[in-house]
1. Please find, within the range B:224-248, the residue that is surrounded by the fewest Cβ atoms within 10 Å (Cβ to Cβ) out of those that are at the interface with another protein chain (Cβ under 8 Å from one of its Cβ atoms) and in a loop (DSSP other than H, G, I, E, B).
2. Does the range A:127-149 contain any residue that is farther than 30 Å from A:Gln77 by Cα, more than 14 Å from chain C (Cβ to nearest Cβ), touching a residue at least 40 places away in the same chain (Cβ under 8 Å) and touching a helix residue (DSSP H, G or I) at 6+ places or on another chain (Cβ under 8 Å)?
3. Tell me, which residue of the range B:138-195 that is among the hydrophobic types (A, V, I, L, M, F, W, C) and in a loop (DSSP other than H, G, I, E, B) is nearest to B:Asp69 (Cα to Cα)?
4. With the range C:202-308 as the region, which helices (runs of 4 or more DSSP H) entirely inside it contain at least 3 residues that are of a type outside the set (A, V, I, L, M, F, W, C), within 14 Å of chain A (Cβ to nearest Cβ) and free of Cβ contacts under 8 Å to residues at least 24 places away in the same chain?
5. If I go through the range C:151-184 residue by residue, how many of them are surrounded by 12 or more Cβ atoms within 10 Å (Cβ to Cβ) and polar (S, T, N, Q)?
6. Of all residues in the range B:263-291, count the ones that are crowded, with 17+ Cβ neighbours inside 10 Å and outside any loop (DSSP other than H, G, I, E, B).
7. Give the residue, chosen from A:Gln100, A:Gln115, that is crowded, with 17+ Cβ neighbours inside 10 Å, free of Cβ contacts under 8 Å to residues at least 60 places away in the same chain and more than 7 Å from chain C (Cβ to nearest Cβ).
8. Residues of the range A:532-571 being over 23 Å from the mean Cα position of the chain (by Cα) and either among the small types (Gly, Ala, Ser) or buried (at least 20 other Cβ atoms within 10 Å of the Cβ) (or both), which ones?
Amino acid sequence: MAPTEPVVRVDDLRVTFPTMDGDVQAVNGLSFEVPAGGALGIVGESGSGKSVTSLALMGLHRGSRARITGAIEVAGQDVVSATDRQLRAMRGNDIAMVFQDPMQSLHPQYTIGNQLVEAHRVHHPKTSKAQARNHAVGALDRVGIPDPANRINSYPHEFSGGMRQRVVIAMGLMCDPKVLLADEPTTALDVTVQARILDLLDELRRDLGMALILVSHDLAVVAGSVDEVVVMRHGVAVERGDVRTVLSAPEHPYTQALLAAVPRVEVSRAQRRAQDRSDRLDKEKREGTVTDPAKFEAFTPAPAGGEPLLKVEDVAQSFKVRGGVLGRSTDFWAVNGVSFDLYKGETLGIVGESGSGKSTLSRMIMRLLEPTRGRVVFEGQDITHMSERALRPLRRDVQMVFQNPYSSLNPRVTVGDAVGTALRVQGERDTKKIKLQVQELLERVGLQPNHYNRFPHAFSGGQRQRIAIARALILKPKLIICDEPVSALDVSTQDQVLRLLSELQDDFGLTYIFVAHDLAVVRQVSDRVAVMRKGEVVELGDSDAIYENPQSDYTRQLLTAAPLLDPDEARSQRAEREALRAEAARTA
Amino acid sequence: MRKRTLGFVALGAAASIFLAACGSGDSGENGGSDAAAAFDAGSTGVVNPSEETGGTLRYAISSDFDSTDPGDTYYGFSWNFTRYYARTLLAFTPAPAEASTELTTDLAAGMPEPNDDFTQWTVKIQEGLKYEDGTEITAQDIKYAIARSNYNGGELPNGPRYFESSLDQEPFNVYESSDPMEEFTAIETPDDYTLVFNLKESFSEFPYVLTQPQTAPVPEEADRGALYKENVLSSGPYKFEGQYEPGVKLDLVRNENWDGATDPIRPALPDEVTVEIGVAQEEIDQRIVNGELDVDLSGVGVGPTMKSQFLQDLESYETNLDNPLSGALRYVNIHTPNLETACRQAIAFAADRDSLHRAWGGDTGGDLATNLLPPTIPGSDPESDLYPSEDNKGDLEAAQDKLDECGESDGFKTVIAVRDGRPNDLATAESLQESLKRVNIELEIKTFPAEDFFAQYAGSQDYVRENNIGLSVSGWIPDWASGYGFGYKITSGDAIQATGNYNTSELDDQEVNALWDEALTTEDPDERAEIYAQIDTLVIEQAAILPVVFDRAMFYRSDELTNVYYTSSYAMYDYMALGVNRG
Amino acid sequence: MLNYILRRLGAGLLLLAVVTAVTFWIFYVLPKWAGVTPRGMAAMYVGKAPTPEALDATVERLGLDQPVIVQFFDFIRSLVFGDQFQFGRETVECAAPCLGYSFTTNSPVLEQLLARLPITVSLALGAAVIWLIGGVAVGVLSAVKRGSVFDRLAMGTALVGVSLPIYFTGLLALAFIVHEWKVLPVPRYAPLTENPGAWFTAMLLPWITLAFLHAAQYARQTRAGMLEVLSEDYIRTARAKGLSERKVIFKHALRPALTPILTIFGLDLGLVLGGAILTEKVFSLKGVGAYAIDAIIGKDLPVVLGVTLLGAVFIVVCNLVVDLLYPLVDPRVRIAG
């Protein structure tokens, strides 16, 4: 596709938000161009200004307090100086936008048909309803919604997340726009769904000749889908260029660091650990506090055999689901027939997409849920149906770190109290002793001891997750269950938290169960991996073995869906996926 | 206890005090019988006299009737109003002010005749009187009406029990008796037009009881117990139109079977009478001023909001206002069980009457009282003052002498009981507290629920003794305006009760008791008035009661009303006389 | 669906029983704790200076000395099966659902309630229409013109409206609009069926007064709801489609903002249908609310029970209707069978 006249041109864009503490420059001197049919990736971590940029492209800052200078030109229309009417004529017609969260970006109270038809008719008022409807059915078909003629009458909540994102994309297609602007279109989605959505966008771009602007925090997401990439940081484009060049030979240190932080599915546990340890040694050498490397070895997991720390035997959990006219309830098995052993010092990764039962499983091990069937044995003690009272010692030995560091900390409790409460619950009365212990631990997880009296809102997401980890560690547990501990964090923060977990394992001989949907992350932290799907374990084994040589189709599917950083490899993997799908369609 | 009184209005004095207080000019004529609309004209004479019939007379009330059944009601306004459809044996003379306290006949053919010792009374009724359905009114119907209203086993609980307490009758229940007329022997009906009342004891003032609505005839077969009030069988000039709807309305229309010639007290001018029930007091007052209503049925005068509006702009309203005495005495009981006579007298001397008067609202609130009987009652001498002092500020020296006499030279402490939610009562107590401090008498003010004040607190002998209650703020309105009707229950030793005691100071003075007995066997009203005057002096001398004010009400007299005058007998306008002229 | 309605009605009946029981308890047990004897209670229903005999007779007649539980079941029994009452020598039949006779006025409670209901229903429905439309309109406008003079003025007024009691606004309205300026005649209720004009003019002021209070609250709620919805992603989506601001607000933002309002509306309407006590009192309307407050002051148990039950019935029914309507407004909500 030969680049022609640019369809989007941004020149020295500056977006300023006036606040009480003075102006905040969200975007500072950004320039780029997208040729017709071209594809641009905008990559940056939170606060980089990438979303502000995408809203500015749509002119959606109108009516807010944002000040915009510079030039934005979309399909020949100057967005900054356009009248409201001109802007409205442009939106959806010349440039359509796909938003981050498909659960939120569709109106819950109107059918998707209504919303699609509306999107068309606002720009083509002469089209009859029936025509617009046909058009909508076509668009839904185009984005791969099965049975579109019927599904058009459904409400958004009747679709899964991936399907909803397809609907949003279909809505963007209603007026055959010249540019499709996708702002984090896959962030909330499962890996396989993410792959499909990215494939769809790529396909649409090729088939319809639309330009694509793909905004993401994840370099791997844009790698296989765009020609050119802009890396943003604090409102400034630190690097811009051909995607291959930027990814293979980044010039700016930030880009380099970002790339280094991206967990790579091809890196094994052993490699990662060796890397982490040598990094740590280097750092400690610089700081002059060398830990004897031999000490690490002590905590290398004992080979299988001996008494496992945790034994899970054929556990299952069912929930009653109400339904039907007569209100008969049916059993839904969230987890069914899962067994594994876990040895001291080992990390078991549990990987699966949403609804796979991985969270339910971890809750059963915590005994936050009582298994419907099967046995959970911890340190030789059957805790499957133990009373809450008898479980108390267990509560000390097994701790949990949750996904969302924002909601898992009570905003009205100081950090010190949040971490120290567990000690108090366990009977410690000496306040000074508690404080000392908490401060030591805060230091250990990379925070300052004087953070003791601060409230959670003063901390970033990564710091909060450190607090959560400190809270889990305070009682010196034997087992920590991490439920998606890094999935809400930026890549670089994510990397730091993973390192911390690894160091802590080295120092304290911790045993982890690491639950996540991100295959790369799981591989790098896990000695063994269990792949779950629909409540069952489809594959369980040594992590390298599973990643190098997956036995089940599902695992393979997951692996091919995992986004890759190398643009060429990403494209070849896309081809592989398409082939797989084509084959599946043929055999079906 | 009722909003009723007899007696005469202190002519002139009332008006001039009121106007002097408000800095207004002269009050115009007082005491004329056919007064033009002027300030207080309705208190002393007939305003807008007229014989013109027609129109609708519109009443409204914020509360409700206790009952429209003449046998089951004890509100003054209700006694005044039920006369529209319930004729009684006797009645008060339809005339302004003092003249209204004279008794006259209604159903009766002549005044009742007593025997020598006033234990038997005989009265004849007019012949040929008819109910609204055309049937004739008989003496038996009156006998039955008295029976059902006094001996009903709680079915009709509201009315007073004067007949029950005075008639020589074994208790029974009309609604359970197989033949109530046979069982009710205290009243004999030798023929259809004669009633003979047999009393337990001498009762010279029995004819006053015969003015009460319980003497309105009710045929036995028409009686529906508590449901009778829904539609009372009329003997008067008006009958119910539809049912009485509690809380909503009562409408009256002309009763064609009533014969005006037989009726000395009812000109029956309007064609219709309507009562709107449950209208907010502020709205009633406002609508009367606006001419959208005619009379506030409750007959206690305008509400505080409207009253202050009048006082602020007196000149605009002056000619429509009447400010008569309500017939009530506001006073403080000084409890004899807890305080000796000299101590009580010390209180009477030390009290700052001027301050007490102001606490009650000054001249607009009422007249400063120094004696027991209200000026509207024969025998009253408002000039008498046994505890005089300069400017009514209290005589502290005399008070100290009395304290020395009762052995409390350094003063003493006691409790004064006040009804909750009565700001004037509280102000009275506070004023007294302030003035008694001057002679080291310390009062502790305690408030009690108004509805249980006499049943459980100030009127309970045990409670008073156990809690050292030395004083209590009270008020009294007579059932009829005589010394007996006013003073017996609050000063006679025979009236003292363990609970619900209205002789709250528990005065049990042999001389006073003997004078009451004498009054009940004295036929001549003037002689009785003299006895009542003696009782008045004795009670004040004993300092069992510290009079505060004879209070006044403020009425707004609509220009569209005709034949308006204030009757002392009910302490409100005479409803039977009223007509309307919408001209 | 039918199953659901039946279950909800069953729960409603249970609620009514509980409400009745609690009313009984408050009525009989609380005074007993405060040391009031049956005679003391009887004193509330007889004249001002009753004889002890009259008190005893009243205690007997009203059954005030019976255990609470007996009285409670007597009440339930006559409610379900009807009852007979004795007046003088007359026996009166009271058919089910019999709410008995007033202690103070001896009038049949159900009949009185039904006679007063049209007034309360007129008041409630009229006011509800006004406050819903007015409140929502002001709220939407305020949200859209957030921070404008209109917004501040409207929200200021709303704050005043929420904090001003009805007897203040009502009396003020009466004093000026009716008595001072004579814009409207003195409100005197006339049935709609007999005289629609008089009905309308009589109800107008009460409607506005009652609606003002609620409208203020609805305006605030709508504004808050609108502001919340306007920050939703799907509103951004709608704008990104190129929709006009009017369409964004009225089609996309209003509906979700109104959904929670519907719930409150159901509850408020139910409450007002059970009697708008202050409004009825201020405007001297003889509705259920005025009946209720008079009964409470007069400690007239059968009437108190009657109005309480009626109020509870309205609330149960209104909530049920709202819950049944909810899925129509918000397709995400499904009624569990």
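1. In this case the residue turns out to be B:Arg224.
2. Yes, the range A:127-149 contains a residue that is farther than 30 Å from A:Gln77 by Cα, more than 14 Å from chain C (Cβ to nearest Cβ), touching a residue at least 40 places away in the same chain (Cβ under 8 Å) and touching a helix residue (DSSP H, G or I) at 6+ places or on another chain (Cβ under 8 Å).
3. B:Leu156
4. The helices (runs of 4 or more DSSP H) meeting that bar are C:233-240.
5. Going through the range C:151-184 one residue at a time, the tally reaches 2.
6. Going through the range B:263-291 one residue at a time, the tally reaches 14.
7. Testing whether each residue is crowded, with 17+ Cβ neighbours inside 10 Å, free of Cβ contacts under 8 Å to residues at least 60 places away in the same chain and more than 7 Å from chain C (Cβ to nearest Cβ) leaves just A:Gln115.
8. Within the range A:532-571, A:Gly541, A:Ala545, A:Ser552 qualify.
The values are calculated or read from the model by the stated rules, or taken from the named source; none is laboratory data. Quantities reported herein were computed from a predicted structural model and do not represent experimental measurements. In this analysis, Cβ positions are derived from the backbone assuming ideal geometry, glycine residues included, and neighbour counts consider all displayed protein chains.
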